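> Here's a structure for you.
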Amino acid sequence: MSETAFSVTPNAAKRIAFLASREAKPVMMRVAVLGGGCSGFQYNFTFEEASNTDDLLIERDGATVIVDATSLELLKGSELDYVEEMVGSAFQVKNPNATSSCGCGNSFSV
């Protein structure tokens with residue numbers, strides 16, 4: 001799998017590296033797509049200590065992001081970003097495959 005299938009912005013990498021540095025053990029951020037949410041699928045972000053053999057690993061600026069093969073099918077061409085706005089800060093997935101999303105931006109359909 002190529003890294004162009006899913007990318008990580010410098011802002012997202014910086015925030016992941018910061019959050020990971022506060023953990024007791026080295027961790028990577030897993031980005032996954034789960035069934036559910038108000039639009040059919042939802043994004044899930046967790047920190048994990050190990051990856052699986054079929055995971056895509058993306059390393060950028062001291063941060064590692066892992067995506068499982070099933071989620072990658074729904075995330076092809078997407079970008080993980082970290083956005084800081086007056087109303088709050090959050091990780092956002094810019095997904096060109098999403099045909100619609102909910103107001104919170106964490107749920108989408110294809």
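> So, residue 9, is that one modelled with pLDDT of 90 or more, of a type in the set (Val, Ile, Thr) and open to solvent by 90 Å² or more (accessible area, probe 1.4 Å) or not?
Against the criterion (modelled with pLDDT of 90 or more, of a type in the set (Val, Ile, Thr) and open to solvent by 90 Å² or more (accessible area, probe 1.4 Å)), residue 9 does not qualify.
> List pairs: first in the stretch 13-25 and closer than 12 Å to residue 61 by Cβ, second polar (S, T, N, Q) and modelled with pLDDT under 95, Cβ under 9 Å, 6+ apart or cross-chain?
From the stretch 13-25, the pairs are 15/89.
> For residues in the stretch 75-110 being under 14 Å from residue 34 (Cα atoms) and at pLDDT 90 or above, which is most open to solvent (accessible area, probe 1.4 Å)?
Here the answer is 93.
> Identify all residues within the stretch 34-48 that are at pLDDT 85 or above and hydrophobic (A, V, I, L, M, F, W, C); write none if there are none.
Residues satisfying the conditions are 34, 45, 47.
> Within the stretch 41-58, restricting attention to residues that are among the acidic types (Asp, Glu) and touching a strand residue (DSSP E or B) at 6+ places or on another chain (Cβ under 8 Å), which residue is surrounded by the most Cβ atoms within 10 Å (Cβ to Cβ)?
55
> A further question follows. Are there any pairs, at least 6 apart or on different chains, whose C-beta atoms fall under 8 Å, with the first in the stretch 74-99 and under 17 Å from residue 14 (Cα atoms) and among the aliphatic types (A, V, I, L, M) and the second open to solvent by less than 50 Å² (accessible area, probe 1.4 Å) and in a loop (DSSP other than H, G, I, E, B), and if so, which?
Within 8 Å, the pairs are 80/9; 90/105.
The values are calculated or read from the model by the stated rules, or taken from the named source; none is laboratory data. These numbers were taken from a predicted model, which means no experiment stands behind them. With ideal geometry, Cβ positions are generated from the backbone for all residues, glycine too; neighbour counts draw on all protein chains shown. Surface areas here come from the heavy atoms of the whole protein model, side chains and all, with no ligands, DNA or RNA. Shrake-Rupley method; radii C 1.70, N 1.55, O 1.52, S 1.80 Å.
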